[in-house]
Amino acid sequence: MTDTPQNPTMAQTASEAWNKNAFRYLSGLAIVALGMGTVVYRFIEDWTWVDSFYFSSITLTTVGFGDLTPTSDLSKIFTVFYIFGGISLIGGTLNAFMKRHAAKVSDRRAGH
């Protein structure tokens, strides 16, 4: 049995669905990560909601002004994993956005 365009495999269908919706999925996960960081820092560090959101945002975008820093061992350990996971997630989101934008530009140029 061969796979033809008329009979796509489940893997091809899933891959196409991912490519079409990757930006949406990753953006949603990035928002969840930002919210999770905000909540964790709010309760572990006892920062205000605004400070917690601010720190989460500057951490995930790698800006890192240094005006707020984690003080407890628990929040330092959380921050290490938050950085690795969050930066990867933000990078993937930006990559998906750029691919989506490039596809739209390519379609426009091709006259579709």
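Write out, first by first residue and then by second, each pair whose Cβ atoms fall under 9 Å of each other, whose residues are 6+ apart or on separate chains, and whose first residue, in region 66-78, is in contact (Cβ under 8 Å) with a residue 12 or more places away in the chain and closer than 19 Å to Leu34 by Cβ while the second is among the basic types (Lys, Arg) and surrounded by 12 or more Cβ atoms within 10 Å (Cβ to Cβ).
Pro70/Lys76
When region 1-26 is examined, which residues are found to be modelled with pLDDT under 60, of a type outside the set (D, E, K, R) and open to solvent by 70 Å² or more (accessible area, probe 1.4 Å)?
Of region 1-26, the ones modelled with pLDDT under 60 are 1-5.
Retained after the next criterion (residues that are of a type outside the set (D, E, K, R)): 1-2, 4-5.
Matches in region 1-26: Met1, Thr2, Pro5.
Being hydroxyl-bearing (Ser, Thr, Tyr) and within 8 Å of the chain's Cα centre (by Cα) is the filter; apply it to region 78-96 and report the residue that is nearest to Tyr25 (Cα to Cα).
To start, the set of residues in region 78-96 that are hydroxyl-bearing (Ser, Thr, Tyr) comprises 79, 82, 88, 93.
Checking the rest, the ones that are also within 8 Å of the chain's Cα centre (by Cα) come to 88, 93.
Numbers: Ser88: 14, Thr93: 9 Å.
So the residue we want is Thr93.
Output the number of residues of region 81-106 satisfying the condition of being among the β-branched types (Val, Ile, Thr) and loosely packed, with under 11 Cβ neighbours inside 10 Å.
Kept after step one, since they are among the β-branched types (Val, Ile, Thr), are these residues of region 81-106: 83, 87, 90, 93, 105.
Of the ones still in play, those that are also loosely packed, with under 11 Cβ neighbours inside 10 Å are 105.
The total comes to 1.
Restricting to region 47-68, name every residue that is open to solvent by 80 Å² or more (accessible area, probe 1.4 Å) and at pLDDT 95 or above.
Matches in region 47-68: Trp49, Val50, Phe53.
With respect to Thr93, is the statement that it is within 30 Å of Glu16 (Cβ to Cβ) and of a type in the set (Val, Ile, Thr) true? Let's see the steps before the verdict.
Values: within 30 Å of Glu16 (Cβ to Cβ): yes; of a type in the set (Val, Ile, Thr): yes.
Answer is yes for this residue.
The values are calculated or read from the model by the stated rules, or taken from the named source; none is laboratory data. Small disclaimer: the values here were computed from a predicted structure and weren't measured. Using ideal geometry, Cβ is built from the backbone for each residue, glycine included, and neighbour counts are taken over all protein chains shown. For the accessible areas, the whole protein counts, side chains as well, though only heavy atoms, and no ligand, DNA or RNA atoms are used. Shrake-Rupley method; radii C 1.70, N 1.55, O 1.52, S 1.80 Å.
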